[in-house]
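Please treat every number below as a calculation from the coordinates, not as lab data. As the structure is a prediction and not an experimental result, all values here were calculated from the model. FYI the Cβ positions are ideal-geometry reconstructions off the backbone, even for glycines, and counts take in every protein chain you see.
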Amino acid sequence: MFSFVGKYIVFGAALLVAGCAEIGSLGAPTPPTPALALYGGDVIAAVPEGYCIETKASKPRSGFAVMVGCGVIAGTNDRPRLNGFATVQVGPAGSAIVAEDPDGFEAFLSTTAGETLLSVNGNASTVSVGGVKQTSGAVTVRFADQAAPPVAGLQTTEWRAFVDIKGRLTTIAVRGMAETPLTASQGQALLESVLASMLANNQIAETVVET
């Protein structure tokens, strides 16, 4: 078993519980919000084009943010080209683990233990992994979970990315709507769009040494 697995199980289980705890308030009108400070500003949850932060469902003190099409929040029929539901869960300081062994992390997600953590209810038997790869310093996975989704009306297929941001394990999850599901390529594109926004807005400034 890879050395990171035990550590990830501890952090991963905590993140999943925190992320799904209060999503039920989704849908209450809130002002359009393109970014949200998590953990007092240590990390910024930043949305891709066409998306806004659903502030009432988000939990910034716990590092959790919900992203949906701005039209959903505004109560209009406007939807982004890739219409979906995304969450970002940033772990505590020092929880970064992906860069330690990305190949091992990638392999782990296809094991029974990995499927258990991917499942919304912790049951590996409901999960079927469709593909795992590395991109932009993250490990991404596409899988189907036959358990009830964390929010009613979402499709069973999910795209998830695991990446280290500012020393914190960060999990990005994306699903489409059951009535208009995202295809494999669309879901991956939306996931990578959220990932790119997160990385671009959380760059660590390089120290300039004068000579």
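Points to keep in mind about this one:
- Each label was represented as a point 7 Å from its Cα along the Cα-to-Cβ direction; for Ala124 and Ala152 these points are 3.2 nm apart.
- Net charge dipole, segment 5-200: roughly 280 debye, given to the nearest 20, about the Cα centre with Cβ charges of +1 for Lys and Arg and -1 for Asp and Glu.
- Label positions at Lys133 and Asp78, each projected 7 Å from the Cα along the C-beta direction, are separated by 3.2 nm.
- Cβ-derived FRET efficiency at R0 35 Å, Ala200 paired with Ser110, nearest 0.05: 0.75
- Point-to-point label distance, Asp42-Thr180, nm (Cα→Cβ direction, 7 Å offset): 3.8 nm
- Kirkwood hydrodynamic radius of segment 5-200, from inverse mean 1/r over distinct Cα pairs, in Å: 16.5 Å
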